[in-house]
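The structure appears right after this line, and notes come after that.
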Amino acid sequence: VDLHITFEGRRDLSGQIYRQIRAAILDGRLRGEQALPPTRELARRLEVSRNTVSVAYDRLMADGFLTGRVGAGTFVSHGLHPYQPESPPPAAGPLQPRAVWADIPEPPDLATEPAYDFRAGTPDARLFPYQTWRRLMTHELRPSAVRTGMPGAPAGHSDLRAAIARHIGVSRAVRATPDDVLVTNGIQQAIDMIARVLVEPGTCVAVENPGYPPVRRLFESLNARVVGVPVDADGLVVDAIPAEARMVYVTPSHQFPLGTAMSLSRRIALVAWAHRCGGVVIEDDYDSEFRYGGRPIEPLQNLDHTGRVLYVGSFSKTMLPTLRLGFLVAPPSLRRPLRVARFVSDWHTALPSQAALARFIDDGTLARHLRKMRNEYRVRHERIAEILERDFGAWLDLVPSAAGLHLSAYSKDRTAGEIVDLVAAAAADGVVVYALSQFTREETERPGIMLGYGAIALGDIDEGLRRLRRCFLASSVR
Ligand SMILES: Cc1ncc(COP(=O)(O)O)c(C=O)c1O
């Protein structure tokens, strides 16, 4: 390690080294088994005699903090656990964040894997074509590909922007030239960029209710005034958008969390709203690559001819969410501010993965992977829908859906609170599903549950739902 020692004066230099290394071990900055610099090297860097350092090391060894191995060097002793003094209460301290951060919860702990994993938003990482991706990434990490190592363009790698424009043009009928595409670290960042460019403090932003919480919270964190708009079987109720709204965020292909598709007449009404009110629509098309039936409906972006719809997409579901790869398609008037916003924010998405993704799309691997995954998810979707209709008919009404990685069902007889209790009981039995109320702002929405099937293997679905049914049965006996 590059050990940092600060001398206060020139007295007792050995003692100062001793105390600072000891403190670093006790508070966990130096960990068990970590190697310390050789005495000669540390002495040279600190401009002290070698003996000064040796005395400090010897004392630390005598105290048991360090061990020396002949020929190998000096190490922090094995099994030393840092002493953690009680941390001060979070409210204390001179620096306080803006009030809005107190209301935004920390991200959920996704590290633990439940036995029956119906979590939404994750694809099946077991089926990812790792070998191909590794080969493409390895290629991009060769000196000839990295070249000077200078940062790239904020809008993204030109091959990738062209590949994305072609891909969404063919598969989703989104009208885009490579210049309209800006590569981002996922949809969440795409919306952050759009909000930085268009949302002023106090701007009224309408979001679906129920809806996708992270995006709503993003707008709140930027001091927008966020209002929920109800969603029915045709999608967002356009007539209920408040008059003061200037921006609407929607998931028209596959509503999050209900799973319905926005009808064509609603889409036309929403585009007309934007035109009439001078508004902006953000179309979040996060998982519509997985469509199991019906004809895909025109994207809002294609229905709009006035440049008022921004389309955002992601490779989080089609590939892996950990890659953090997504994009936005913007009208020409916003290209420059979006590029500049990206530059001042974090410059650009990692170049090797952008270049690898361009080739992943261009050589047809993405399309092949999508075909395979679509078949896989279709079977899971059908299996869950079949069991919910067969075994949960007394309690749940399935919401019709034909796309994506999750589906929802309204409760026939439970309150929102009872569903939350039931979901907690299921979690205790190893089955993770969601209460729809987790995605609503107001308590008045219809209670229900949502189940994802990106992560759960087909073979685990029956047992997971059998356990969930047991929770419904147990909670019926009241
Ligand atoms: C509705 C919706 N939008 C956006 C995202 C986030 O996508 P990304 O990982 O690209 O930020 C998700 C992820 O679960 C989602 O469900």
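The values are calculated or read from the model by the stated rules, or taken from the named source; none is laboratory data. Remember, predicted model here, so these are calculated numbers, not experimental data. Here the Cβ is made from the backbone with ideal geometry for all residues, glycine too, and neighbour counts use every protein chain on show. Accessible surface is based on the protein model in full, side chains and every heavy atom, while ligands, DNA and RNA are left aside. Shrake-Rupley method; radii C 1.70, N 1.55, O 1.52, S 1.80 Å.
The 3J(HN,Hα) values that the Karplus relation (6.51, -1.76, 1.60; θ = phi - 60°) gives for the range 451-464 are, in residue order, 10, x, 10, x, 9, 7, 6, 3, x, 9, 5, 4, 5, x Hz. Gly and Pro appear as x. Measuring r between the beta carbons of ASN223 and THR306 and using R0 = 30 Å, the FRET efficiency lands at 0.60.
Around the amide H of LEU66, modelled in the peptide plane, lie the amide H atoms of MET61, SER77, all under 5 Å away and 5 or more residues distant in sequence or on another chain.
Fully extending the segment from ALA99 to ALA457, taken as 0.36 nm per residue of separation minus the present Cα-Cα distance, adds 124.7 nm. Farthest toward the dipole's positive end in the chain, which of ALA350, PRO321, GLY169, given Cβ charges of +1 (Lys, Arg) and -1 (Asp, Glu) about the Cα centre? Comparing the listed Cα positions along the dipole, ALA350 ranks first. Taking the charge dipole of the range 367-469 about its Cα centre, with +1 at Lys and Arg Cβ atoms and -1 at Asp and Glu Cβ atoms, the residue from GLY448, ALA394, TYR377 reaching farthest to the positive side is TYR377.
What the Cβ-Cβ distance of ARG69 and ASP27 gives, at R0 = 25 Å and to the nearest 0.05, is a FRET efficiency of 0.55.
Solvent exposure of GLU220, expressed as accessible area, is near 50 Å², computed with a probe of 1.4 Å over the protein chains only. Only Cα pairs under 8 Å and 6+ residues apart enter the sum, and on that basis the relative contact order of the chain stands at 18 percent.
Against the chain, whose longest principal axis comes from its Cα atoms, helix 13-26 is set at around 30 degrees. Would you mind classifying the range 113-214 by shape? Square roots of the alpha carbon gyration tensor eigenvalues, ordered a ≥ b ≥ c; an a/c under 1.5 is rounded, otherwise it is prolate if a/b is larger than b/c and oblate if not. Here the range 113-214 falls in the oblate category.
Model label sites at ASP159 and ARG175, defined 7 Å from Cα along the beta-carbon direction, differ in position by 3.0 nm. For the pair THR112 and ALA243, a Förster radius of 51 Å applied to the C-beta separation gives a FRET efficiency near 0.65, rounded to the nearest 0.05. In the range 319-397, what chymotrypsin sites (Phe, Trp or Tyr not before Pro) fall in a loop by DSSP, with at most 13 other Cβ atoms inside 10 Å? Sparse-neighbourhood loop chymotrypsin sites (Phe, Trp or Tyr not before Pro): TRP347. Projecting the Cα atoms of GLY404, PRO38, LEU422 onto the dipole axis of the chain, where Lys and Arg carry +1 and Asp and Glu carry -1 at the beta carbon, places PRO38 farthest toward the positive end.
Remark: the ASP232-SER144 segment gains 26.3 nm on full extension, using 0.36 nm per residue and subtracting the alpha carbon distance.
A cut-off of 5 Å between modelled amide H atoms, ignoring neighbours fewer than 5 places along the same chain, links VAL248 with ALA206, VAL280, VAL281, ILE282. To the nearest ten degrees, helix 332-345 and the longest principal axis of the Cα atoms of the chain are 30 degrees apart. The dipole here belongs to the chain: it is taken about the Cα centre, uses +1 on the Cβ of Lys and Arg and -1 on the Cβ of Asp and Glu, and is about 1500 debye. Couplings 3J(HN,Hα) of the range 348-361, computed from phi: 6, 6, 3, 5, x, 6, 5, 5, 5, 5, 4, 6, 4, 6 Hz, in residue order, whole Hz [Karplus 6.51 cos²θ - 1.76 cosθ + 1.60, θ = phi - 60°; x for Gly and Pro].
Between the helical axis of 416-428 and the longest alpha-carbon principal axis of the chain there is an angle of about 50 degrees. Sorting 348-354, 409-415, 202-208 by average packing, meaning the other beta carbons within 10 Å per residue, from highest down gives 202-208, 348-354, 409-415.
Full extension of the segment from ASP397 to PHE343, taken as 0.36 nm per residue of separation minus the current Cα-Cα distance, would add 14.7 nm.
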